[in-house]
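The values are calculated or read from the model by the stated rules, or taken from the named source; none is laboratory data. What you see is a predicted model; the values in this text were computed from it and never measured. Cβ atoms come from the backbone with ideal geometry, glycine included; neighbour counts cover every protein chain shown. Just so you know, the surface numbers come from the protein's heavy atoms only, side chains and all, with ligands and any DNA or RNA stripped out. Shrake-Rupley method; radii C 1.70, N 1.55, O 1.52, S 1.80 Å.
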Amino acid sequence: MRVRANPLQEKLAERIRSHGPLRFSAFMEAALYDPDHGYYSAARRAHAEPTGAAGDFFTATQVQPVFGRIVCAALRRIREELGLAEGCTVADWGAGRALMAEPLGGFRYVPVEAGQPAPAPFEGIVFANELFDALPVDVARCGAAAARMMRVGWRDGAFCWIEAEPLAGEWKEYADRLSRRMEGPEEWILELPVRIEPVLRQMDGALRRGALMVIDYGYTEREAVRFPRGTLMSYRRHAAHEDVLRDPGMQDITAHVPFTFLGERASALGWRAGALEDLSSWLLRAGERDMFASVLRAESEEEEVRLRLQLKTLLFGMGEAFRCLRLEKGA
Ligand SMILES: C[S@@+](CC[C@H](N)C(=O)[O-])C[C@H]1O[C@@H](n2cnc3c(N)ncnc32)[C@H](O)[C@@H]1O
């Protein structure tokens, strides 16, 4: 498929002509975070954000005030359970529009964004809503023969997938391990989560003691079998499609989060991983103390209806697709 010219496309095509096909993580990094033309950077320079009604997709964070109120109650409970100080730091890692600043006003709220240094060491909570799905991944094609890296090439004026070198080292081991779970398809596409560990290490350097709360869509190792074509997706104007090589910089690209891997890498850093649960169960537990009375507090009947609808969206619209993983450090 031919793609419309855009400056980032030219830049990436030139890189490929000079240095050969790119790893997908390099393509995705540029598509999302190139300082001049990346999807997130360009939107921010234009004082727009890709999330929300005028953007390309919604996140739970936009369901305000209900999401903010419930998360605030849940984080307060974590603070009590871990004996953290009142008003401790909450680092909103991958904060985007920082919509959690107001609801988390009772904490010391610190937004952290791509390309920014990690905050100075603190005791508290790292909150990461839809951060990990936005981290660049590599892509491999697996099957009976050796798993191979899929790189991005440039042919006839369009980006294309190119089967490249066999996987080696830790990513070969990762692919072999997940491949043992696959039954049925002769070949399948697997994303290699090459940026999870570097981000966890940054968080580990920043958080002296406390918890990391991850909310995202994803799968466990046992569930990998559900995604033989991989999980990469692009979002534009609230429509999802699978052509992630189209129009770099103009659309979002995401990959489901491999929660088993994330938990293992965090454990290797000395963190304790809790159970993985659906967002709906987590929200229900957070609201059960007062049966959502404080979450649904409203000035008028009309507002109450709006808040009830928000709660329904979170519990039933997003609550089954999204998962929560709590990790603790030094508890
Ligand atoms: C899908 S958006 C989610 C934004 C927000 N948390 C929400 O729920 O609406 C992902 C965000 O993560 C940010 N991000 C990506 N990589 C990051 C990194 N290594 N450190 C901090 N933020 C990052 C992106 O710039 C983007 O704002």
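Summary table
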quantity	calculated
Positions within the stretch 68-81 being in contact (Cβ under 8 Å) with a residue 40 or more places away in the chain and either under 11 Å from residue 106 (Cβ atoms) or touching a strand residue (DSSP E or B) at 6+ places or on another chain (Cβ under 6 Å) (or both), in sequence order	73, 75, 78, 79
Sole exception among (1) away from the ligand (no atom under 16 Å from the Cβ); (2) touching a His at 6+ places or on another chain (Cβ under 7 Å) for residue 151, by number	(2)
Filter result (open to solvent by 20 Å² or more (accessible area, probe 1.4 Å) and either assigned to a loop (DSSP other than H, G, I, E, B) or in contact with a Gly (Cβ under 9 Å, 6 or more places away or on another chain) (or both)) within the stretch 236-261	237, 238, 242, 243, 246, 250, 256
Filtered residues of the stretch 266-283 (kept if within 16 Å of the chain's Cα centre (by Cα) and assigned to a helix (DSSP H, G or I))	266, 279
Residues (open to solvent by 40 Å² or more (accessible area, probe 1.4 Å) and within 16 Å of the ligand (Cβ to nearest atom)) located in the stretch 73-100	97, 99
Tally, over the stretch 254-299, of residues that are touching a strand residue (DSSP E or B) at 6+ places or on another chain (Cβ under 9 Å) and farther than 12 Å from residue 74 by Cβ	22
Tally, over the stretch 202-248, of residues that are closer than 22 Å to residue 26 by Cβ and of a type in the set (Ser, Thr, Tyr)	3
Cβ pairs under 7 Å, 6+ apart, first in the stretch 237-265 and free of Cβ contacts under 8 Å to residues at least 60 places away in the same chain, second surrounded by fewer than 19 Cβ atoms within 10 Å (Cβ to Cβ) and assigned to a loop (DSSP other than H, G, I, E, B)	260/220
Condition met for residue 159 (at pLDDT 95 or above and within 16 Å of the ligand (Cβ to nearest atom))	no
Exclusive hit being over 27 Å from residue 9 (Cα atoms) and at pLDDT 95 or above, set 137, 152, 126	126
Test: residue 26 is within 16 Å of the ligand (Cβ to nearest atom), within 22 Å of residue 200 (Cα to Cα), loosely packed, with under 15 Cβ neighbours inside 10 Å and modelled with pLDDT of 95 or more	no
Candidate set: the stretch 101-115, residues that are under 20 Å from residue 216 (Cβ atoms) and near the ligand (Cβ under 10 Å from one of its atoms); chosen: the one surrounded by the fewest Cβ atoms within 10 Å (Cβ to Cβ)	113
Filter result for residue 212 (more than 12 Å from the ligand (Cβ to nearest atom), within 19 Å of the chain's Cα centre (by Cα) and either assigned to a strand (DSSP E or B) or of a type in the set (A, V, I, L, M, F, W, C) (or both))	yes
Hits in the stretch 310-322 - residues which are in a helix (DSSP H, G or I) and open to solvent by less than 100 Å² (accessible area, probe 1.4 Å)	310, 311, 313, 314, 315, 317, 318
Number of the condition not met by residue 198 [criteria: (1) under 27 Å from residue 92 (Cβ atoms); (2) touching a residue at least 60 places away in the same chain (Cβ under 8 Å); (3) surrounded by fewer than 18 Cβ atoms within 10 Å (Cβ to Cβ)]	(2)
Residues that are surrounded by fewer than 20 Cβ atoms within 10 Å (Cβ to Cβ) and either in a helix (DSSP H, G or I) or touching a Ser or Thr at 6+ places or on another chain (Cβ under 8 Å) (or both), drawn from the stretch 176-195	176, 177, 179, 194, 195
Filter result for residue 228 (assigned to a loop (DSSP other than H, G, I, E, B) and open to solvent by 10 Å² or more (accessible area, probe 1.4 Å))	yes
